[in-house]
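Notes for the one structure printed next.
The values are calculated or read from the model by the stated rules, or taken from the named source; none is laboratory data. All figures in this text were calculated on a predicted structure; none of them were measured in a lab. Glycine gets a Cβ as well: all are built from the backbone with ideal geometry, and neighbour counts include every protein chain shown.
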Amino acid sequence: MTQLEFAELAWAGSLFAGFLGSLAGLGGGVVIVPMLVLGFHVDVHYAVGASLISVIGTSAGAQAAHGKESFSNTRIGLFLEIATTLGAICGAFLSTSTPTKWIAIIFGVVLLYSAFSSMRPKQEATVHRPPDVLATKLRLNGAYSHGGKLVPYSARRVPLGFGLMFGAGTLSGLLGIGSGAVKVLAMDEAMQIPFKVSTATSNFMIGVTAAASAGVYLSRGYINPAVAMPVTIGVLLGSLLGARFLVKARVKSVRIIFAIVIGLLGAEMIFNGLTGKLS
């Protein structure tokens, strides 16, 4: 396969990954790494490096697209970024010394969890809860529009959420994904932040998290422009198309397709890791 053919195929695959990832709310990173590793036989470290660059581009593009209409809470995002950035740097250093087969197995497990997460019903919490003392001191609160009204909210169980964010950052640096599913889990369920705010804030955060770990990959020589460029362009365009299509799409059907695809990819990554085919 020539370099041009690789770029064209990688771009097309990344376009599809970004499109599906945008509709499922998990980003295209969960598809990019197994696509490059299993489909194009790219070394897992270079695949992770390319995926991290694509996550940065996708996050920036989504923020530009949403603009003032975004539900993201910048203050909460910046506070939790302390944990995710430290975790991302830790994960990036771990990745460079972790055997390929273990990265594949861990990635497969994360894909299976992401498949499950994408199928879970998303409910918008509107019940007012008493403010958390630590969240109040840190001013981790806000309000969002729901049913034509402004609904106030305040974060809860801040230490638990902070710890989960460190884990999400570690996964991001180790596997080259935005780890949006874990970030949303930390904010939505652990910190009890409304789902719309959680997803928007997670999307704001993933670019910063990826940038922190991408620096480590760059210093180790694992960022190959020939791989990263077509992947980033494809994922960015795909995610923007997905955001437009989301308005009219039957999201439940798309989520089912997405869950099946990444579930199969996850199972194959685990199988190849256990059998030593990626070592």
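Answer with yes or no whether Ala186 is over 18 Å from the mean Cα position of the chain (by Cα), modelled with pLDDT of 80 or more and assigned to a helix (DSSP H, G or I).
Numbers: over 18 Å from the mean Cα position of the chain (by Cα): no; modelled with pLDDT of 80 or more: yes; assigned to a helix (DSSP H, G or I): yes.
Taking the combined requirement at face value, the residue does not satisfy it.
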ask   = Looking at Ala50, Ala17, Ala10, which is the one that is within 17 Å of the chain's Cα centre (by Cα), more than 25 Å from Phe162 (Cα to Cα), modelled with pLDDT of 90 or more and surrounded by 24 or more Cβ atoms within 10 Å (Cβ to Cβ)?
value = Ala50
query = Given the conditions (1) at pLDDT below 75; (2) under 23 Å from Val48 (Cβ atoms); (3) exposed (fewer than 15 other Cβ atoms within 10 Å of the Cβ), which single one is not true for Glu124?
reply = (2)
task = Would you tally the residues in the range 131-165 being closer than 19 Å to Ile89 by Cβ and surrounded by 20 or more Cβ atoms within 10 Å (Cβ to Cβ)?
result = 2
ask   = In the range 53-73, is there at least one residue being surrounded by 15 or more Cβ atoms within 10 Å (Cβ to Cβ), touching a strand residue (DSSP E or B) at 6+ places or on another chain (Cβ under 8 Å) and either of a type outside the set (Asp, Glu) or modelled with pLDDT under 80 (or both)?
value = yes
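Looking only at the range 224-247, how many residues end up being buried (at least 19 other Cβ atoms within 10 Å of the Cβ) and of a type in the set (Val, Ile, Thr)?
4
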query = For Gly91, all conditions in the list (1) of a type outside the set (A, V, I, L, M); (2) under 12 Å from Ile177 (Cβ atoms); (3) at pLDDT below 80 hold save one; what is the number of the exception?
reply = (3)
